[in-house]
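Below: the structure, in structure tokens.
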Amino acid sequence: HKQSSTFNHRQWQEQLRQAKKWTIFGQDPDIILAALANILSWLVVTFFPFLLPHLLPSSPEEEPACNEITSTTQTKCVSIGRPGGMEQLRLVTLKPGFCTIGYNVRHFCPPPYSHALSDDPIFPTDCVILKNEAFSVNYADCTIRWGFYESAKKFVGWPIVPGFDVAGTIEHVGGNDPSGFKVGDRVFGCTLFGAYSTKILVPKIQLRKIPPCITSFSEAAAFPAVSLTALYALHLAGYFPDARTNFRNKSILIHSAAGGVGGFLVQMSKILGLGPIVGVVGSPSKVEEAKALGCDIVIDKSSEDLWEAAEIAGPPNGYGTIMDANGISTLKESYNHLAPSGRLIVFGFHSNLPMGRAILSPIEWIRMAKKAAAMPMFDAMDCTVSNKSILGFNLSFFADEREVLSDMFDQILLWIERGRLFCPNVVQMGMDHVAEAHDLIQSGKSVGKIVLTTSTVS
């Protein structure tokens, strides 16, 4: 059985590598299908709401909606059955014995649902079943819902249970556990999708015990994905694991400095001795938060010219590092404002996507197409002769690099325990307010992290 599973997994990987990428009018067919699905959702919600039930596909693992009698031990999760708007965020109850699962445990069971029971004879020995008490909401979750998120499309498909951050108590431990985990331990960590759930199967290597200085599950769930993203970005910039890297220009400009990743980039930059730390925010309400996190200078781009202010705040020859998750709105100028030997680290494209809109109308798709067509192109020769680097990454593709993230998680935990890394501002909601949480993070008005708790779900 194990040999067959291993063969199938390797065969699947080989097929992925050999698959030829084809396009329609130069576009990924999946993106076109997602566009059509979103437009259909907009049309139905706007003009034909009585047809909405036909756009909400269910799964065999779900309890029927007519079944009002369910056990409190059954898993409740947020399932997305197809690309679309807020209407696709369905809070469902799974049949007894099922829980959610990330794609990096696909050797045991394909995502998003697993039949993992504590008495299952083939329960993965490297995993635990987590009773999840809190999970965070990231902007990536909105792009998953729209059908844009590449790793979600590639490794999960539909339906999908979104989410990366988890915090809760261990219900079952697989195998003999040398890590010291036991039933009842309070832990936090990451999963590669599946976090919007009350019960989830998670590899042990992706979890850590919650230190005493973290006082709530909500606070714990605010840390993992964004802090790991921030530390890996600083690793690419050349400042971790050896903080003594002898770049003379240690200046850093951080876009969205009061956001989830941005807040940890500011704190870690301070720990690693970078400076000046120049933070960029999008509204006056975020200025004080960015200063409190450790920015030496804060630029409010809603009230002053961003790049004029950045030139005044930074070294005359440009920045040593610029952290940019904005996309088209800042990417070109971020590159232009690098110093020789400077590194532009890219980990998102928020400005390419809608902000503050629950449903993607046809007009939004036209705007996004225009933005995609206008994305800056970078010349490898120019990078060489100007001595500048551009590096991009997405941690949701790191299923086969668990040890890299595990080492970084250990460092983050050490900084937390020593009081050097603090939880950002947390906006807490109940799990049944998931649509409200998505609306808030899409608006661009959120500060810090949005965390949903599962204990309020009836």
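The values are calculated or read from the model by the stated rules, or taken from the named source; none is laboratory data. Computed from a prediction, not measured in an experiment: that's the story for all the values here. Here the Cβ is made from the backbone with ideal geometry for all residues, glycine too, and neighbour counts use every protein chain on show. Just the protein is used for accessible areas: all its heavy atoms, side chains included, with ligands, DNA and RNA removed. Shrake-Rupley method; radii C 1.70, N 1.55, O 1.52, S 1.80 Å.
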| said: If I filter the stretch 166-182 for residues that are at pLDDT 95 or above, among the charged types (D, E, K, R) and under 21 Å from Val92 (Cβ atoms), do I get at least one hit? | reply: no
| query | Looking only at the stretch 78-97, which residues are under 16 Å from Asn132 (Cβ atoms) and out of contact with any helix residue (DSSP H, G or I) (no Cβ under 7 Å at 6 or more places or on another chain)? | reply | Ser79, Val92, Thr93, Leu94
| note | The number of residues in the stretch 13-51 that are surrounded by 10 or more Cβ atoms within 10 Å (Cβ to Cβ), out of contact with any His (no Cβ under 9 Å at 6 or more places or on another chain) and either modelled with pLDDT of 90 or more or within 12 Å of Ser361 (Cα to Cα) (or both) is 14
| message | So for the stretch 397-412 (the condition being surrounded by 13 or more Cβ atoms within 10 Å (Cβ to Cβ), farther than 22 Å from Lys154 by Cβ and of a type in the set (A, V, I, L, M)), does at least one residue qualify? | response | yes
| said: Quick check on Ile277: is it crowded, with 17+ Cβ neighbours inside 10 Å and touching a Leu at 6+ places or on another chain (Cβ under 6 Å)? | reply: no
| query | Only one of Val187, Val166 is part of a strand (DSSP E or B) and under 23 Å from Asp439 (Cα atoms); which? | reply | Val166
| field | Pair list, Cβ < 9 Å and 6+ apart or interchain, from the stretch 93-104 residues that are in contact (Cβ under 8 Å) with a residue 12 or more places away in the chain and within 11 Å of Pro203 (Cβ to Cβ) to residues that are open to solvent by 10 Å² or more (accessible area, probe 1.4 Å) and among the basic types (Lys, Arg) | value | Asn104/Arg402
| request: For the stretch 297-304, indicate whether the set of residues that are modelled with pLDDT of 95 or more, open to solvent by less than 70 Å² (accessible area, probe 1.4 Å), touching a Leu at 6+ places or on another chain (Cβ under 7 Å) and not hydrophobic (A, V, I, L, M, F, W, C) is non-empty. | output: no
| task | Scan the stretch 305-330 for residues that are in contact with an Asp or Glu (Cβ under 9 Å, 6 or more places away or on another chain) and modelled with pLDDT under 95 and jot them down. | result | Thr330
| Sole residue being open to solvent by 30 Å² or more (accessible area, probe 1.4 Å) and among the β-branched types (Val, Ile, Thr), chosen from Thr125, Thr143 | Thr125
| Can you tell me which residues in the stretch 351-374 are farther than 19 Å from Asp28 by Cα and assigned to a helix (DSSP H, G or I)? | Ser351, Ile363
| said: Taking the criterion of being closer than 26 Å to His107 by Cα and of a type in the set (A, V, I, L, M), would at least one residue in the stretch 229-237 satisfy it? | reply: no
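Considering only residues of the stretch 417-432 that are aliphatic (A, V, I, L, M) and closer than 14 Å to Gly263 by Cα, which is nearest to the chain's Cα centre (by Cα)? First the steps, then the outcome.
Taking the stretch 417-432 first, the residues aliphatic (A, V, I, L, M) are 421, 426-427, 429, 431.
Narrowing further to those that are closer than 14 Å to Gly263 by Cα: 421, 426.
Numbers: Leu421: 19, Val426: 16 Å.
Ranking the qualifying residues of the stretch 417-432, first place goes to Val426.
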| said: I'm trying to understand the selection: among the residues of the stretch 388-438, which are of a type in the set (Lys, Arg), free of Cβ contacts under 8 Å to residues at least 60 places away in the same chain and out of contact with any Ser or Thr (no Cβ under 9 Å at 6 or more places or on another chain)? | reply: Arg418
| query | Quick one: Leu338 ticks every box in (1) at pLDDT 95 or above; (2) crowded, with 18+ Cβ neighbours inside 10 Å; (3) closer than 30 Å to Tyr103 by Cβ bar one, so which box is it? | reply | (3)
| Any chance the stretch 433-447 includes a residue that's over 27 Å from Ser283 (Cβ atoms) and either in a helix (DSSP H, G or I) or over 18 Å from the mean Cα position of the chain (by Cα) (or both)? | no
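Taking the options Tyr232, Tyr239, name whichever one is open to solvent by less than 40 Å² (accessible area, probe 1.4 Å) and in contact with a Ser or Thr (Cβ under 9 Å, 6 or more places away or on another chain).
Tyr239
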| query | Residues of the stretch 192-218 being under 18 Å from Asp407 (Cβ atoms), under 16 Å from the mean Cα position of the chain (by Cα) and assigned to a loop (DSSP other than H, G, I, E, B), which ones? | reply | Leu192
| message | Taking the conditions exactly as written (open to solvent by 40 Å² or more (accessible area, probe 1.4 Å) and under 17 Å from the mean Cα position of the chain (by Cα)), does Lys154 satisfy them or not? | response | yes
| request: Hey, could you check the stretch 375-396 for residues that are open to solvent by 60 Å² or more (accessible area, probe 1.4 Å) and part of a loop (DSSP other than H, G, I, E, B) and say which is nearest to Pro354 (Cα to Cα)? | output: Met377
| message | Yes or no: the stretch 382-400 includes at least one residue that is out of contact with any Leu (no Cβ under 8 Å at 6 or more places or on another chain) and among the basic types (Lys, Arg). | response | no
